[in-house]
Amino acid sequence: MGLEVIGAGFGRTGTNSLKIALERLGFGPCHHMFEVRDNPGQLPAWEAAARGEPSDWDAMFQGYRAQVDWPGAAYWRQLATHYPDAKVILSVRDPNAWFDSVQATIGPFMTTMRGKHDQPHLNAISEMCSKFIAQDIFGGQLNDRDHATRVFKAHTDAVRQTIPADRLLTYETGSGWEPLCAFLGVDTPDEPYPLTNSSKEFQKELNDKN
């Protein structure tokens with residue numbers, strides 16, 4: 001089947017809400033970091049990708065129609081090439097608000113809490129994320145606001161410059177159903193757009209799992 005929607009946006013740009021929205025619109029299941037968290041069998045392939053080894057995208061996304069969030073978003077170029085008919089959604093938000101959200105959630109998960117989780121699987125995910133996000137994407141400076149927001153903006157520019165306009169939706173967090181449904185060519189649901197995984201929710205869920 002292959003991916004029909006590729007999410008190129010960084011984590012903490014409303015990606016879990018976008019995942020739920022895409023599934024509500026018929027583009028599910030949608031892959032997200034939570035899928036790796038909840039399905040330990042997926043982790044080895046993503047660990048290999050983080051090491052720069054060749055990836056079997058069809059196997060890694062078997063059964064999924066869409067993908068958002070890291071780890072997949074880190075490989076948006078490869079996925080856009082591998083699935084040339086898939087549409088690309090770049091989820092964005094104010095860079096400083098994004099940075100604050102990262103520092104309250106996934107930042108500590110892969111930096112100060114690295115190796116300190118109660119569950120070995122969470123420690124393995126933390127280690128993987130430290131490698132391909134904190135080190136490879138942010139050069140070990142994820143906690144530096146100026147540097148991290150520059151990387152965020154550069155990523156946004158790179159996606160916009162690479163993906164043809166008719167294939168790309170730049171989706172601002174909080175925009176609701178309308179731009180998403182228009183881009184995907186589907187009807188707008190008669191229900192509120194999902195709003196999930198706030199910083200407080202993330203922290204509570206992580207504490208519950210540790």
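Only the coordinates and a few stated rules stand behind these numbers; no lab work does. From a predicted model like this one, the values you see are computed outputs, not experimental measurements. All Cβ positions, even for glycine, are placed from backbone atoms using ideal geometry, and neighbour counts span all protein chains on display.
At a 10 angstrom cut-off on C-beta neighbours, averaged per residue, how do the peptides 33-42, 131-140 rank from highest to lowest?
131-140, 33-42
Given an 8 Å cut-off on Cα distances and at least 6 residues of separation, report the relative contact order of the chain as a percent.
Value for the chain: 28 percent.
Working only with C-alpha atoms, what are the Rg and Dmax values of the stretch 113-201, expressed in angstrom?
17.6, 46
List every residue whose amide H lies under 5 Å from the amide H of T170, counting only residues 5 or more places away in sequence or on a different chain, with H placed 1.01 Å from N in the peptide plane.
Answer set, sorted by chain and number: L90.
Give, rounded to the nearest 20 debye, the magnitude of the charge dipole that the stretch 5-209 has about its Cα centre when Lys and Arg contribute +1 at Cβ and Asp and Glu contribute -1 at Cβ.
About 440 debye.
Gain in length, T149 to T162, computed as 0.36 nm per residue apart minus the alpha-carbon separation, to one decimal in nm?
Numbers: separation 13, 0.36 × 13 = 4.68 nm, distance 1.99 nm.
2.7 nm is the gain from fully extending T149 to T162.
Taking the simple approach of a point 7 Å from Cα along Cα-to-Cβ for both D190 and D136, what is their distance in nm?
4.6 nm
Let me know the Kirkwood hydrodynamic radius for the stretch 1-146, please, with Cα pairs as the basis and the value in Å to one decimal.
With all distinct Cα pairs of the stretch 1-146 included, I get 15.5 Å.
With the chain treated as a Gaussian network of Cα nodes joined by springs under 10 Å, which of A48, A21, A66 yields the largest mean-square fluctuation?
A48
Once you list every other residue whose beta carbon is under 11 Å from the beta carbon of S91, what net charge do they have if Lys and Arg are +1 and Asp and Glu are -1?
+1
Counting only pairs 8 or more residues apart or on different chains, how many lysine pairs in the chain have their Cα atoms under 18 Å apart?
Within the chain, the lysine pair count is 5.
Around H82, what is the net charge, scoring Lys/Arg as +1 and Asp/Glu as -1 over all other residues with Cβ under 11 Å from its Cβ?
Residues near H82 contribute -2 overall.
I'd like the Karplus ³J(HN,Hα) series for the stretch 175-188: coefficients 6.51, -1.76, 1.60, θ = phi - 60°, whole numbers in Hz, and an x wherever there's a Gly or Pro.
7, x, 6, 4, x, 5, 5, 5, 5, 8, x, 10, 6, 7
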